[in-house]
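Chemist: My questions will all concern the structure given below.
The values are calculated or read from the model by the stated rules, or taken from the named source; none is laboratory data. All of these numbers come straight from a predicted model, not from anything done at the bench. Counting neighbours? That spans all protein chains shown, and the Cβs are built from the backbone with ideal geometry, glycine included. In case anyone asks, the SASA skips ligands and DNA or RNA and just uses the protein heavy atoms, side chains included. Shrake-Rupley method; radii C 1.70, N 1.55, O 1.52, S 1.80 Å.
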Amino acid sequence: MQKLVNKKQKKENHQNRDCIITVDIGTSAVRIFAFEMEGAIIATMKGFYPTFHTQPDYSEQDPEQIFVTVLNVLRNILTEKIHPNKYKVAAICFSAAMHSVLPVDKNGTPLGNAIVWADNRAKKEAAELKNSELGEKIYHATGTPIHPMSPLAKIAWLRNNDKERFASTYKFVSIKDYILQQLTGEYVIDHSLASSTGLLNIHTLEWNSDSLAFAGIDGDKLPKPVPVYYSGLTFHKQYCANLGVPAKTKIIIGASDGCLATLGSGVWGEGKATITIEASGAVRVAGKKVLEDKKLRFFNYLLADGYYVSGGPTNNGGVIFEWFTRQFGTFQDYTDFEENVSDFFKEAAMVAPGSDGLIFLPYLLGERAPIWNANARGLYFGINIKHEQKHFVRATIEGILYEIYSIGKILEEHRSIESLYVNGTFASLPLWAQIMADMFNKPVYVNDTHDTIGKGALLLSLTGMGIYKNLEEASATIRFPHVFLPSQRDHNVYMSYFSIFERLSSKLEEEFSQIALLQQRK
Amino acid sequence: MNQFILRQGVSKELQFFPHILEFASQKFQTVQLHSLEIIKTECLKIYYVTEGKFEWMIDHQFYTLYPGDVALLRPGQYFGSEKGFFDLGTLWWLCIGPDNSQPSEAMQENWSGILAAEDHVAGKLLSFNHNPVLPGFKVVGEIFQQLQRELFIQEIGYRTRTSHLVDELLISIIRQLATQDTKRRDFPQSFLQLEQMLRDNLSHQWTVEEMAVTMRLGISAFTEKVKNYTGFPPLNYLINIRISEAIKLLKRTDLTLTDIALDTGFYSSQHFSTTFKKITGYTPSRFKKNNIGKS
């Protein structure tokens, strides 16, 4: 009886309370959060979709499966967690992974699968542009590094290699634009996502004519760029009815996942940098100025109000440790993969910083920032007769983090960084966070919740709705429960090895090219 | 080792086991031309190498087998040697097929103790197996030896034992196939393989048990892991694939709703329409109308 009363009270308390739904269309799943206006999470649900690798350099996703999954998860969270608790949806805000390209025809029907960020088929197009004057001009105008990941290179690839598809394309959209087009009938792209295409001039917020010429298209082949707060979209009636939300429900277009992760990790303003390590990783700073790097090593993506998120991405994050576990884990008695991973963390903790002189270059997937060398490969260096398995385990982790440090170090040439804010499955592990604190010799704040993108979308929505004055005020609401302080002694150890790490990474350039060529010949 | 070839309908040792079409142990000491041309396999055939080195083509792929290795051939696969003969060495083989001589159900139940449902799953697993060679799988050799003893000595209870041994053999092979696939693989990798299997056979009415067995997991562990990983229970995840394929067919083809429903694994156009409406809010025909010809 008491329970029943409580339940009733609870329901009454929730009567008509507003909530914000954030939809993140990520690299392998859609993650939907429902937040109270004050930031508490009401519920979260996700829906996985696969990536297809039909050829070595290809990474594709099925836009229809993503669409169905988004609809399904959105409906589930609304009907199971929101409507029964009498929440009213104040806004739905969207974010998505960057760099995807999907050609659609006049009816909006996809011409094949979407080409996603990890796809490297446009190697030739990117290389052609990379060391040219035009490439440099495009980089400075668009903020996107010249790389096969960029939609600019991908569209150029389609023009050169898939003429039929290129010719029948009505628009080149991103996966997020496609989902929104299906839901609302409009072709729009937010400035943030557009700023990662290599096609948007981040200073004028218009499609960049040099990029359009290189890709071989007119601006009308792309969706209309709109600000991240844009809320002029409405869902088709049937979708509203099916989701159980009013027809005039506010839709906020939102931004890219990278920009929102930075906002949502509370890093906004001077002296702060954020480190994310999931399968891949990135080091980012936010500010009102773009980083003008002469060697073109950083991205400058626009979020809003003249704020840029700048930094460098690495291919070789947690995926490398997973690779190591798969190869060298014992897997006795059908132990789970996760158990083998955690056994390895224990082993790594038994070795002193520096792995007794064993150094690992983690470039198994080639590397983006800071060396931008797709041919780079992995290496264990300095092996002596006393090294045991546990040294290899620790060296692998340290190698991944030296790489992160090398990005941060170059960022520091442009910005002063006093503290680091880490998030993501791997970066928030205590061992990893401590190693980063020691390498950078700076305090590392850990946010171990896995909702930084959702949080970022929430803060963006609340700012767009006028509840926060600006993004700076919004980001100040993020709290960091754990801090790891650096040890000067361990810092010195890491630095003596890092100088070797750095020199090996550049010294081996010729050998990297040779071995990559031999490997391709196979 | 003594050599023998038992053949159904010829060797009286097999008279009570109509599903065993052939069981043999042979030592090849000289080249026998045309003894192994590449032809279509007609039964489930299991080879086990005890001596020598055998170079075979299975479905246009080249394999080399050493002592202890097993080759597993499904009906319809092309098998043989490019040279057209058996390499020198020693082999066991067993052919199992449907019982054509006596169509009585009682007889069929006699030979296999594997439950009907499990048998179906086993069949699925065998048919999805892309790698026909199981290296270093000595259990098969041991079972063949026992099988030979039972069939030749015919001690009391040999009919039961023989049937049990054939079941044991099939179960061992199926488990080995599943282990081979999942060994050193984390869940995400094995799941992607299952995902592809579902896509390749979308019109099949998949059960959770069939899906679970391909990942060598029990039904409840499998369901929980899939839910954790994908956010959906297995059959709901499958519905996402079915509906997204159906959307493509709606948008790109003029197939009837019934054809689309059956192609994408729904029981009927009614079942398809209900599920489609539940997820999208549209009936399939309305959805089609909205998405074509707006230009």
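Chemist: Quick one: of A:Lys46/B:Lys278; A:Lys224/A:Lys248; A:Lys86/B:Lys225; B:Lys251/B:Lys277, which pairs are farther than 25 Å apart, Cα to Cα? Please report the intermediate quantities before stating the final value.
Modeler: Numbers: A:Lys46/B:Lys278 18 Å; A:Lys224/A:Lys248 22 Å; A:Lys86/B:Lys225 31 Å; B:Lys251/B:Lys277 16 Å.
Long pairs (Cα-Cα over 25 Å): A:Lys86/B:Lys225.
Chemist: Another question about this same structure. Run the reach check for B:Lys289 against aspartates and glutamates, Cα to Cα strictly under 20 Å, same-chain hits fewer than 8 apart removed. What comes back?
Modeler: Result set, ordered by chain and number: A:Glu64, A:Asp105, A:Glu186, B:Glu245, B:Asp254, B:Asp259.
Chemist: Then there is this: Can you send over the solvent-accessible area of A:Thr22, 1.4 Å probe, protein chains only, in Å² to the nearest 10?
Modeler: Solvent-accessible area, nearest 10 Å²: 0 Å².
Chemist: Looking at the square roots a ≥ b ≥ c of the eigenvalues of the Cα gyration tensor of chain A, which shape do they give, rounded for a/c under 1.5, prolate if a/b is larger than b/c, or oblate?
Modeler: Details: a/c = 1.67, a/b = 1.21, b/c = 1.38.
Verdict is oblate for chain A.
Chemist: Something else about it: Tell me, what % of the accessible area of the protein assembly as shown is carbon and sulfur with a 1.4 angstrom probe?
Modeler: Details: 18290 of 35550 Å².
Taking all protein chains in place, the protein assembly as shown shows 51 percent carbon and sulfur surface.
Chemist: Please list, in chain and number order, the residues 5+ apart from A:Asn201 or on another chain whose amide H is under 5 Å from its amide H, with Hs placed from the backbone.
Modeler: Hits under the 5 Å cutoff: A:Glu206, A:Trp207, A:Asn208.
Chemist: Which residues of the stretch B:258-295 show a drop of at least 20 Å² in accessible area when all protein chains are present, compared with their chain alone (probe radius 1.4 Å, heavy atoms only, ligands and nucleic acids excluded)?
Modeler: Listed by number, the residues meeting the 20 Å² cut-off are B:Lys278, B:Ile279, B:Thr280, B:Gly281, B:Tyr282, B:Arg286, B:Phe287, B:Asn291, B:Lys294, B:Ser295.
Chemist: Then there is this: Could you tally the net charge around B:Glu155, taking each other residue with its Cβ under 12 Å from the Cβ of B:Glu155, Lys/Arg +1 and Asp/Glu -1?
Modeler: Details: positive: B:Arg149, B:Arg159, B:Arg161; negative: B:Glu150.
With Lys, Arg at +1 and Asp, Glu at -1, the neighbours total +2.
Chemist: Go through the stretch A:216-238 and flag every residue whose accessible area shrinks by 20 Å² or more with all protein chains in place compared to the isolated chain (probe 1.4 Å).
Modeler: A:Gln238
Chemist: Rounded to the nearest whole Å², what accessible area per residue is found for chain A with the 1.4 Å probe? Let's see the in-between values first.
Modeler: Working: 20910 Å² over 522 residues.
For chain A, the per-residue accessible area is 40 Å².
Chemist: What number, rounded to the nearest 500 deg cm²/dmol, is the helix-based mean residue ellipticity at 222 nm of chain A, given -39500 (n - 2.57) per DSSP H run of at least four residues and division by all its residues?
Modeler: Calculated mean residue ellipticity at 222 nm is -12000 deg cm²/dmol.
Chemist: Next up: Counting only other chains, what is the mean number of Cβ atoms within 10 angstrom of the Cβ of each residue in peptide A:44-54? All intermediate terms of the calculation are to be shown ahead of the outcome.
Modeler: Details: counts 1, 2, 5, 6, 11, 6, 8, 1, 4, 1, 0.
Mean inter-chain Cβ contacts per residue within 10 Å come to 4.
Chemist: Can you give the accessible area per residue of the stretch B:204-295, in Å², using a 1.4 Å probe?
Modeler: Details: 4210 Å² over 92 residues.
Result: 46 Å² of accessible area for each residue.
Chemist: Partner chain Cβ atoms within 10 Å, averaged over the residues of A:71-78 - can you pull that number for me? Please report the intermediate quantities before stating the final value.
Modeler: Details: counts 5, 10, 3, 0, 4, 4, 0, 0.
Per-residue shielding by partner chains comes out at 3.
Chemist: Please list the non-local residues whose amide H lies under 5 Å from the amide H of A:His482, H modeled 1.01 Å from N, same-chain partners needing a gap of 5 or more.
Modeler: Those qualifying (amide H under 5 Å, at least 5 residues apart or on another chain) are A:Val446.
Chemist: OK, next. Taking all protein chains together and a probe of 1.4 Å, list A:Lys224, A:Lys81 from the most accessible to the least accessible. Don't jump to the answer; show the numbers that get you there.
Modeler: Values: A:Lys224 120, A:Lys81 85 Å².
Output order, biggest surface exposure first: A:Lys224, A:Lys81.
Chemist: Roughly how much accessible area, to the nearest 100 Å², goes out of reach of solvent when A and B pair up, both sides summed, probe 1.4 Å?
Modeler: In total, this chain pair buries about 3100 Å².
Chemist: Then there is this: Go through the protein assembly as shown and flag any cysteine with no other cysteine's C-beta closer than 4.7 Å, please.
Modeler: A:Cys19, A:Cys93, A:Cys240, A:Cys259
Chemist: Just for the protein assembly as shown, what percent of DSSP beta bridges are antiparallel, to the closest 5? Walk me through the numbers before you get to the answer.
Modeler: On the way: 83 of 109 bridges.
Around 75 percent antiparallel, to the nearest 5.
Chemist: Which lysines have a Cα less than 24 Å from the Cα of A:Lys289, not counting those fewer than 8 places away in the same chain?
Modeler: Straight-distance partners of A:Lys289: A:Lys130, A:Lys137, A:Lys272, A:Lys409, A:Lys442, A:Lys455, A:Lys469.
Chemist: Here's a follow-up. Where the centre of each part is set by its Cα atoms, how far does the stretch B:1-28 sit from the stretch A:131-210, in angstrom?
Modeler: Cα centroid of the stretch B:1-28 versus Cα centroid of the stretch A:131-210: 68 Å apart.
Chemist: Give me the accessible area of A:Leu233, 1.4 Å probe, in Å² rounded to the nearest 10.
Modeler: Surface open to solvent at A:Leu233 totals about 0 Å².
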